[in-house]
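Novice: Structure provided below as structure tokens; questions to follow.
Throughout, read-outs are computed from the coordinates displayed, never taken from laboratory work. Predicted model only: the values in this text are computed from it and were never measured. Here Cβ is always computed from backbone atoms with ideal geometry, including for glycine, and neighbour counts include all displayed protein chains.
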Amino acid sequence: MKTDSELKKDVIRRTYVEPDIICNGDWCCRQDGVVTLSGYVDSYHEKLAAERAAQGVFGVKAVCRN
């Protein structure tokens, strides 16, 4: 099982390589694989793409938004 800091690094890496996301975000990881996405994107499409990217990381159990 990945630690929360490992999950955070993986989520950040995944969202920054996605071509549909131009993020100015602060991606956080809380306990037990729950990821909180906060920050700014330019469109609703980018927001959904960031959520999908985070959900696609192995070990992420849930994605929350701030």
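Novice: Could you give the nm distance between label points at Tyr40 and Asp4, where each point is 7 Å from its Cα heading toward the beta carbon?
Specialist: 2.7 nm
Novice: With 10 angstrom as the radius, rank Thr3, Thr15 by how many other C-beta atoms surround their C-beta, starting from the fewest.
Specialist: Thr3, Thr15
Novice: Each label point is 7 Å from the Cα along the Cα-to-Cβ direction; what then is the distance between the points at Arg13 and Arg52, in nm?
Specialist: So the label points at Arg13 and Arg52 sit 2.2 nm apart.
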